[in-house]
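Just so you know, all these numbers are worked out from the coordinates, no wet-lab data involved. Just so it is clear, the structure is predicted and the values come from calculations on it, not from any experiment. Neighbour counts are summed over all protein chains in view; Cβ atoms, including those assigned to glycine, are modelled from backbone coordinates with ideal geometry.
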Amino acid sequence: MEDHSKHLPIQQWAEEERPREKMLLKGRAALSDAELIAVLLGSGMAKQSAVDLARQVLKRCHHSLDELGKLAIHDLTKIKGIGPAKAITLVSAFELGRRRNYTDNKERIVLKASQEVYEYMKPHLLDLSHEEFWVLSLNRANVVIRASKISSGGLAGTVVDTRMLFKEALENLANSIILVHNHPSGTLKPSEADEYLTKKLVEAGKFLEIPVLDHLIFTDRGYYSFADHGGIL
């Protein structure tokens, strides 16, 4: 038998079934993904509660929070019942989640392994649908002085200006640098262009006495390190 209460406005549900009240009574872990999203949405639309609308959002993402986190505002507003305000709220919530583990820049961040670089770059590159190229300027103790985005491109690539990259490193008084760029496609295999660029930047670094310690290809599921694979000579 169908539960007609599921189609009533949240205000008419039994108190223990309303997402906000449910969280107060039972804690955040008691809420389903749809209920948590409903709290963010705040309201639904005619004959559709916020939870019903949240279920539609999840359906659009094949019930994958990972996929939902990658949607931009314009993607979300294509869902019936999601306007700019609701879309902005959802995008903001996922962005806060990404930043949660981001260490404050005032803290000394030492990078001595490729896995540490990958974790450090997650707040910057996770869930992006376009390519970006970053340079990390380090001091003699491998402490991060500054993380700088050098370029931003499309789905298939981005242009890197060698002079601008090393200008950034010189201005930051870097003793060494680490290069990072993402592959939105998820492929970890470096392209011929990636290999050529890495070789060129390594040689430029030797000339300027600012060695390139590594070049990471970043994806949401993992990374490729040129240094780990003997590609930094």
* Set the Förster radius R0 to 35 Å, insert the Cβ-Cβ distance between A113 and V159 as r into 1/(1 + (r/R0)^6), and round the FRET efficiency to 0.05. => 0.75
* Structure fact -> If L233, L71 are placed from fewest to most neighbouring beta carbons inside 10 Å, the sequence is L233, L71
* Treat every Asp and Glu Cβ in the stretch 124-233 as -1 and every Lys and Arg Cβ as +1, leave all other atoms uncharged, and give the resulting dipole magnitude about the Cα centre to the nearest 20 debye. => 240 debye
* Euclidean distance of C-alpha centroids, the stretch 115-176 and the stretch 46-96, integer Å -> 31 Å
* Positive-pole candidate from A34, S137, L216, dipole of the chain, charges at beta carbon -> A34
* To do: Would you mind classifying the stretch 4-99 by shape? Square roots of the alpha carbon gyration tensor eigenvalues, ordered a ≥ b ≥ c; an a/c under 1.5 is rounded, otherwise it is prolate if a/b is larger than b/c and oblate if not.
  => oblate
* Antiparallel content of DSSP bridges confined to the stretch 114-225, in %, to 5 -> 75 percent
* **Three semi-axes of the equivalent ellipsoid, the chain, Cα gyration tensor, whole Å, largest first** => 45, 18, 14
* Of S92, S191, S114, the one that fluctuates the most in a GNM where the chain has Cα springs shorter than 10 Å -> S191
* What size of dipole, in debye to the nearest 20, comes out for the chain about its Cα centre when the only charges are +1 on Lys and Arg C-beta atoms and -1 on Asp and Glu C-beta atoms? -> 400 debye
* Structure fact -> Of the candidates H62, T77, L90, the farthest towards the positive dipole end of the stretch 4-99 (Lys/Arg Cβ +1, Asp/Glu Cβ -1, centred on the Cα centre) is T77
* Contour minus Cα-Cα distance for L96 and K206 (0.36 nm per residue) -> 35.7 nm
